[in-house]
Structures are given as C-alpha cells and as structure tokens.
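Take a look at the structure set out below.
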Amino acid sequence: MPDKQETTLPTQQPGAAAPKPAGQPSQKSMTKAERRELQEKQRAAKAAAKAEAPKGGAGGSAAKTKGAQAPAKKAGEAGPAKQSVLTSKELGHAIPEEGAGKRGPRIFTHFGLPKPIGHTVKGDIHPAVVRLGLSFSEFKICGANARCIATLTAFKNVIQDYTTPPNSTLSRHLMTHLSPQITHLVAARPMSVSMGNAIRQLKLEISNSDIDLVEQEAKDVLCKKIDDYIQDRIIMADEVIQESAGRKIKEGDVILTYARSSVVEKVLLRARSEGKKFSVIVVDSRPLLEGKALLRSLTSGPDPIPCTYALLPALPSLLTEVTTVFIGAHSIYSNGAVFSRAGTALVSMMAKQRNVPVVVCCETCKFSEGILVDGFGKNELAPAHTVQPHGSTPTPTSEPGLEVLNPLYDLTPPNFITAVVTEVGLIPPSSISSIPLALGKTIL
Amino acid sequence: MQAERGQHHRSVEVLASKLRRRQIVGSRTAALETLVVLRQVVSRARFSNFEQLVEIIRGVGRRLVEAQPKEHSVGNTVRKVLHHIREEYQTAVGQTGPQAGTSTSGFSISKFVLQGQPRRHVPAQKTEVKTTLKEDDPEDPDSFSKGLKPVLMEAIQDVLDELETVYDNVSKNARDHIHPDEIILTLGRSKTVETFLKTAAHNRHYTVIVAETGPSYDGREMAKSLSSAGISTFLVPDSSIFSLMSRVNKVILGAHVILANGGMFAITGSLIAATAAKAHSTPVVVCAGQFKLTPLWNLYHEYGAVDFGNPSDVLGFNEGELVNKVDVVNPYYDYVAPEFIDAYITNDGDHPPSSIYRLLKETYDDEDNEL
C-alpha cells in the first residue's frame, strides 16, 4: 500500500508546476493555502472597517494584528488599491499579474502553463527515454494506451542497458535507476493513469525479482514480464473489448463517437469487418480535432463505414437518430467517473438526457483507485503548438486581459454512463470499484 | 390599390432579395430594415379605410417573410407595427368605448384575463368609432388616410425608437444580474450579450469565460471585444464547457428567436451549454430584445431550427478525399426548451419563460399571428 501511494503521487500532481521531490510540493501548497487564508482574513478585516488598510500588505503574519490598530485616516486616499498591489506582489506565485489595475480570478492558476520541452537533460537519462519524452511533449505519442506501451518499451531498453553497480542487487538498485527516467517523462507531460499502473506493476516485479538470478537472466525475466503486461493488459484486453462491444452494434445502428479513441476505432472497424452494416457519426471539437483522424481510418479501408462528421455544438441536432454512443477513456476512477478527452462529458450528458445508451470502452489497466468528482481540479492544458487551427479566424493567442485556455480532459460523472466495456466484461459504472478486488489486486 | 402597391413594390423587393441571399443577417438589422421599408410603404400608401391599410401592410409582411422564413424578426416587426397602428387608430378615432375605458383603468382578475385577448373588443369599438374620422368617404377617399398618416408615422417611429435603444435598455439593469467576482459563461457573439456584459463591467469586477462556438468561432471576436473593454476574459474551446461549468456562477446566452412557449432558438452550442448548466444547477439567463418574441411553437422539429450552414466551415476542401466520403452537418441554431432557461432579460423588464406567452399577447394581436 505505501508503495502504491508513492507511485500515484506523480499522477495526482500534474497540475502542480514541476516534478519536484515528493515532500516539497505539498509543503509549498500548504504555505500557499496558509497565505491565501491570511489574505482572506485581511480582506475581511478590510471590509469590516475600510480604514485599516495601508499597513496591511507590509508584513506577512503581522498584517492582521497591525491592521486592526492602524489609524483610519490614511484609508481614504489610495489605501485599498495600494494594499492589493502589495499583497499580490507578496503572494506573487498565487496571482497571475495581468497588468496594473486588473486582477483575474485565481481559479485557473493550478492548471499551470505547459512547460518548455526538456531539451536539457538532467542526470543519467537513457536516450530512449529522452526521445520518448520529446514525443510526449510534442504529442507525437498521444493516448493512454500508446503512451503506456511506449513507456514500457523504452523501459525495456533501459533495463537491458542497465548494469547493477557492485555491492548492490538488481532488485534493490534498479528502481533507483528508473526513478529519474520516470521523472523525466513526467516532466515532459504529466503521467497518465495507465502509465502509473504499469510502472507500479514494474516496480513490484523488480522488487520481487530473484536475487539469485544472474543479472542478464533477471533482466530477461523483467523484459518478459513487461511484454506480458503489454500483451495481456492492453493488446489482448483490446481484443476482448472489441468482441464484447461489437456485440452491442447491430445491423442498421447509428453509432456516435467523440474525438478518437484507439479502442473505439478498433471496435468499429472490427464490427464492420464482421459484415455488420451500420453508420457512424463522429463528433469532434477543438483543441485537438482528433476526430478527423478517426474519420480517415474509418473511411479509408476497402469497405468504408458511412460516416457523418460534425462539431460538438451540432451534437443535439444529431442525437435523435443515434442508437448507441461509444466513447473511450483516459482513465476510470473507482466511483465510476470517466476521465476522458474534453467534450466527452458533454456528449454523454446529452445522450443520457435523450435516453441514448452511453458505452465506455476501457481496459482495466486504466482503472485508477482514486476518486475524482470534478474534472476541473485535475486537468492538463494543451500546449499551444498542439492546438489544431480551425475556422476562418486565426487561432487565438493569449494577450493581456484575454487568456486562452485549452483543457485537454474532462470528467464524465458516473450517472451519464450506461455501461463500461472492459476485458472482464460489461459492467455498470457503479461496479468499477469492485474490479481491482475481483482481479485479486495482484496485478493492479 | 394595385397601382399603389406597384409604387412601393421596389423597396420591398430589394429587401426581400437581400433577405433571401442572406445579405442581411442578424435579427436586429433585419427588423430595422423591415421597419424602414414599412415606413416607406405606409407613407405612400393610399387607402380609404383601415382594413385596406392593414391588408397593405400584411401583404408586405407576407412577401418579406416568404423571402426568409427563418428570420423571424421580420414577421415580428410587421406584427408589432400592425399592433401599434391599431392602437393609434383607436385613439385617433376617439376611444370612447366603455370597455376600453374600464379595462385599462381598473385592475381585477377578470379584467386581467380579458386583457389577454384585447382584440375581442375591437368590432364593438369599431361600430361607434366612425364619427370622428370618416372611413370610406365617397367624396374624398383620401381624407381618411390623410388624417391617419401622422399618427401612423408616429406609431412606426415608436417601434423604430424601441429597436434603436434595445441594447441599452436590455443592459440598463446589468449590474443587478452580475455580482462582484462572478464567473460568467457565454458563447458565440451576441450584440445584446456583449453590450450587457460591457455595461455590467462599468460597476462590477467579474470574469467572463467565452466558448469559441464552432464552426463560426464567433466567440473569439467576442472575447477580444470583451477583454478590450477591460473585462478579464478567458477563451476556451466548446469541449471544455462541462469541466468549467462547476466554477461558473451564471450562463448568459443570446437568442435568435424567443418562442411562444418560452423556449428559444439560439446559436448552436447553446443547448449543450444550457444542459451542462442544468446538470450543475447553474442559472441560465438569456438577454434579448422583445422584437425577438415570436408567436411560434417549435412544432415541426424538436431539435434545431432546421436551418443549416455551410458544411465547408466544418470540414473544408483542404481535407482532400475525406470530403467525398463523409456527410457533414452544420446547423445554425439549437432549440433550447423553456425548462433550461431561468430568465429572459429584455428591454422591457425581466421575465421568466413561463410568462412569455403573456408578453406575446400584449405585444401582438392574435389575428396577426398568421400574416
């Protein structure tokens, strides 16, 4: 259990600015919270008696006590304004400074700006991992499954190139060698739940590896385990999902899907290759417009699927004819909430409202043990260079007073979801929490 | 009478073709243009009794509505003008009818109910009317129109004035609706909403989140305009409406048409935003001028207004062979049902959707619902 928590930590902090040593961020946020509370107190004091402002911003904790004593005379002039400037400087990291008189809301600050790509490599990072980091940050490798497979494959290289230093055992030392690699990947882009789960599993395997094995043999065993994980948890899982989700597609159905999920794409293509006649509506939206790629793959084969394409705002007009909605997932939380590409929640909400079943295709390796109730707190912004242009007007950029945000994910509450197709069967979202237990928690 | 209609035919035809080609878009512009044409028509019209005048105006209305049935503000303007000139006509010919006198002065439930159908009393009034202003005068057939025209012009001017001040009047209570440090979500670019938000910014400090609203991406312009007015603005793609909704205090939308049941047609995306707001119990407020009130129900199509835009805005020809294989849908409007809307802020007070039907009864005459 402690091991688990340690590894989930990086996944839960992608909003925070940087991948710092474990203790630091929490302490920092503590002080941030403290300071915010302090500022709120100051504001309350200010509201109570407009007078006692001018010294408020001068010194941290002394502010409220001193503020109370402060004479009322100076307040009239520039008192309040001065104070707000001072405090905002003091709490500089919590408040985005948007120019002189303006004060934007602070609710978006936790999103953090996408960091510049880590061309500078700190420490002993394997070239495969460096390359992977670049692909991640450039969104060349995108999607929970693809990133998971790519990470594991890179780690296979890392493990093969690793030599245990003298006076140490592989089972104890390898993980300390892998940690900076993981940190590097997280710096490139916040870790996905699928990667977190895989890495946790890898750690378990490393610590369990036999001390008596010859080093090369131990490495081979580990690589074999990694291959098995990819094969069992992702590739075979997808196969099973294709089969059971395919059974939900009937002749003449109209399937609606949003953006592009590799699993949903395979489900649709497989159902078509089985000779089923159905049509697909692909709904898409900025920032990534991934639906176009799905559209291309659905229509390019020898037996193209009849497709309709529309942007998200047009969704309600299309839903009347839809029989089933299929969506993919980035991860599923144990309360049954689906964390997926931004816009998925809107699609499932509208479908639920019109009584159209919403089926989520998701492998168990994407299950997270945490609970998420809001897609706002934990999210990721699409970096500017990955945002797809669309429309006649140029893609907007942030300027003073106008901030352009491109959140990548949203959270679909469990009540919008009819069923989740996993490799262990079709289950309602309320049963998500029981799956890791049912799997014996040996691999999760 | 045919000859007279021939005279003003020109301006009517010009407007009709502009409407048909969508050279005039936007409900307020269309309404203004319609009024200008109606003013010309009425000023040149020759009629010897009131029915003829009404028929002339209706004829013009029919012609324009036929040209662009989706631009409902045209028909509304004609209806409103008809309503006004009927009122003016009644005052001009001397409003001595006992019913008219009592129904406006005393307040009681029964009067209140009666006022819902004001036209019912017209025939009764008409009989005692003809004394002051003579209709169908065989000696001087133009005397009636000469006597009535000044008040008609006044009536039309009233409607015009109302239209010209509509944004200001919608926004005059903006500060009562937007409170300090609130986060407002809006989408697309509605002139009414834009003015409303900017007016509120005079005395409130708040934040606006604008959804881009594809495929027109009007939201980008809106965001620029708002931020240049000093409002702290965030521009987001449509896809993040749901995830941001949990932090939004109020959704403010514009309307294309307000329907008789309290629902509305509005730019696509309004329905998903309104549904997301409902899922989060966030109030949805619609800013619109009363010229958008339309005596229509959304009978024929449950979703959208069956009005489609250019598909190449969604999937352009630069996508190559995809264009051949794929159907592309680009509807202009969503139908937002009354249960998603909490309030309409109009140029004449704030109204819940449930009372829109009463406004309609007061604004238009029942017999004009079908022009």
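Out of the total accessible area of the range A:249-438 (probe 1.4 Å, heavy atoms of protein only), what percent is carbon and sulfur?
56 percent
What number do you get for the range A:190-229 when its Cα radius of gyration is normalised by 2.2 N^0.38 Å, N = residues?
For the range A:190-229, the normalised Cα radius of gyration is 1.27.
With θ set to phi - 60° and the Karplus curve 6.51 cos²θ - 1.76 cosθ + 1.60, what are the ³J(HN,Hα) couplings of the range B:285-296 in order, to the nearest whole Hz, using x for Gly and Pro?
Whole-Hz 3J(HN,Hα) from phi for the range B:285-296: 10, 10, 9, 7, x, 6, 5, 8, 5, 10, x, 10.
Would you mind working out the accessible area per residue for the range A:184-297, using a 1.4 Å probe, and quoting it in Å²?
Each residue of the range A:184-297 exposes 38 Å² on average to a 1.4 Å probe.
Probe radius 1.4 Å, ligands and nucleic acids left out: which of B:Arg58, A:Arg233 has the largest accessible area, and how do the rest follow? Can you show the working numbers first?
Working: B:Arg58 40, A:Arg233 20 Å².
Putting B:Arg58, A:Arg233 in descending order of accessible area: B:Arg58, A:Arg233.
Ignoring ligands, DNA and RNA, how much accessible area is buried between chains A and B, both sides summed, with a 1.4 Å probe, to the nearest 100 Å²?
Rounded to the nearest hundred, the buried surface is 4700 Å².
Share of Cα-Cα pairs in the range A:116-238 beyond 22 Å, in percent?
Summing the P(r) tail past 22 Å for the range A:116-238 gives 33 percent.
For the range B:16-29, take each phi angle, set θ = phi - 60°, evaluate the Karplus expression 6.51 cos²θ - 1.76 cosθ + 1.60, and give the result in whole Hz per residue in order, putting x for glycine and proline.
Once rounded to whole Hz, the list reads 4, 6, 5, 5, 5, 7, 6, 7, 10, 10, x, 5, 6, 4.
Quick one, what does Rg over Rh come out to for the range B:322-369 if you take C-alpha atoms and the Kirkwood Rh?
Details: Rg = 17.9 Å, Rh = 14.2 Å.
Expressed as Rg/Rh, it is 1.27.
Take every DSSP beta bridge whose two residues both sit in the range A:249-438, then give the antiparallel share in percent to the nearest 5. Working shown, then result.
Numbers: 11 of 32 bridges.
In the range A:249-438, approximately 35 percent of DSSP beta bridges are antiparallel ones.
Sort A:Glu423, B:Glu66 by accessible area with a 1.4 Å probe, largest first. If you can, show how the numbers build up before the last one.
On the way: A:Glu423 40, B:Glu66 130 Å².
Descending order: B:Glu66, A:Glu423.
With all protein chains present and a 1.4 Å probe, how do B:His202, A:His173, B:His9, A:His390 order by accessible area, largest first?
Details: B:His202 155, A:His173 55, B:His9 85, A:His390 15 Å².
Largest accessible area first, the residues go B:His202, B:His9, A:His173, A:His390.
For each pair in A:Lys225/A:Lys248; B:Lys191/B:Lys361; A:Lys248/A:Lys366, compute the distance between the two Cα atoms and list the pairs where it is over 30 Å.
Result: A:Lys225/A:Lys248 exceed 30 Å.
Please average, across the residues of A:293-300, the number of beta carbons from any other chain that are within 10 Å of each residue's own beta carbon, and give a whole number. All intermediate terms of the calculation are to be shown ahead of the outcome.
Numbers: counts 0, 0, 5, 6, 0, 2, 5, 3.
If you average over the peptide's residues, the count of other-chain Cβ atoms is 3.
Just how much of B:Cys287 is accessible, in Å², when a 1.4 Å probe is used and the result is rounded to the nearest 10?
The value for B:Cys287 is about 0 Å².
Over all residues in B:266-274, what is the mean tally of Cβ atoms on other chains that come within 10 Å of each residue's Cβ?
4
The values are calculated or read from the model by the stated rules, or taken from the named source; none is laboratory data. Everything numeric in this text was worked out from a predicted model, so none of it was measured. Every residue, glycine among them, receives a Cβ derived from its backbone with ideal geometry; neighbour counts consider all protein chains shown. With ligands, DNA and RNA removed, areas are computed over all heavy atoms of the protein, side chains included. Shrake-Rupley method; radii C 1.70, N 1.55, O 1.52, S 1.80 Å.
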